[in-house]
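Here's the structure we're looking at; comments come further down.
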Amino acid sequence: MELDSLIQRATQYEEKTVAVAAAEDHEVIEAVASAIERNLAKFILFGDKEKILQIMEEHHGDLAKNPKLQIIHTHSPAASAEHAVKAVKLNEANVLMKGNVPTATILKAVLNKEYGLRAGSVLSHVAVFEVPGFDRFTILTDAAMNIAPDLEQKAQITRNAVGIAKSIGVDNPKVAPIAAVEVVNPAMQATLDAAALTAMNKRGQLAGCIVDGPLALDNAVSLTAAEHKGIKSDVAGQADILLVPTIEVGNALYKSLIYFAKAKVGAVIAGAKAPIVLTSRADSAESKLYSLALAICSASK
């Protein structure tokens, strides 16, 4: 599967509006320009208006005159984050996007009790990869938000990822809770949690997906590896969602896919009242565009 298909899918829904916090960033403006060119969404850009216009004039000509674009001046990154979150809260926008603002600043606004986007559940990072040589998306969670989630948090992280998977056409996603081994070992918490999640799935506590674990990474993604170890499972070798036990595992796997496997990626924060595009400054404009498409698909579902 190619991530370009997400852009096509996103354009088929009713047009959404994206609120961008601190939009005075070249890569962000590049992604916004590409999104508008592809009829992906409308945008409200919050930030230093003079800097935003300067970037547009230098790289994108008449973009500022596009009717799908609105620029609202704010005096600081914190104010940009607050106004962008409020725009989503008031249904003036459907998706929140991080621009040139620290992650902690935008999350503080998202979690604000008065005007934030809390939905009573765990916020988690869901990344959708196009990995060369694979005929399906690889969905990874959680590589950026929850450091060492407990069982209940892992259950909610799974639900968030399943929701994202369904929004991009994976109707009954297969979830592999990742551990170092395939057997339950009382000394390894990841295996205990994986077994518990599997039991929760079978009893209907985790619905709309198939969960089976613990599974080591090779047995989760390779049928050949699973067959060699004699693992019989509806998930082994064909996992759609890789649920990692800790943020270190997720972070290393995420970056390995990009830098070693040359994978493409789009990612969102799920679990709030609206999807959040929380890309890093190191992410390319292409990655930001894929993340926007993923967020729009999620918002449309």
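Some points to look at:
- A single member of ILE296, ILE269, ILE258 is assigned to a helix (DSSP H, G or I) and either acidic (Asp, Glu) or open to solvent by less than 10 Å² (accessible area, probe 1.4 Å) (or both), and it is ILE296.
- Filtered by the rule that a residue be open to solvent by less than 40 Å² (accessible area, probe 1.4 Å), over 11 Å from VAL244 (Cβ atoms) and in a loop (DSSP other than H, G, I, E, B), region 128-150 gives VAL131, PHE137.
- Cβ pairs under 6 Å, 6+ apart, first in region 234-262 and without any contact (Cβ under 8 Å) to a residue 24 or more places away in the chain, second open to solvent by 40 Å² or more (accessible area, probe 1.4 Å) and assigned to a helix (DSSP H, G or I): GLY237/LEU223
- Leading residue by the ranking (modelled with the highest pLDDT) among those in region 54-75 that are more than 21 Å from LYS16 (Cα to Cα) and open to solvent by 50 Å² or more (accessible area, probe 1.4 Å): HIS73
- Within region 94-127, the set of residues being part of a loop (DSSP other than H, G, I, E, B), open to solvent by 20 Å² or more (accessible area, probe 1.4 Å) and in contact (Cβ under 8 Å) with a residue 60 or more places away in the chain comprises ASN94, ASN100, ARG118, ALA119, SER121, VAL122, LEU123.
The values are calculated or read from the model by the stated rules, or taken from the named source; none is laboratory data. Given the structure is predicted, the values throughout are model-derived calculations rather than measurements. Positions of Cβ are generated from backbone atoms using ideal geometry, with glycine treated the same way; all protein chains shown enter the neighbour counts. Ligands, DNA and RNA are excluded from the accessible area calculation, which covers all protein heavy atoms including side chains. Shrake-Rupley method; radii C 1.70, N 1.55, O 1.52, S 1.80 Å.
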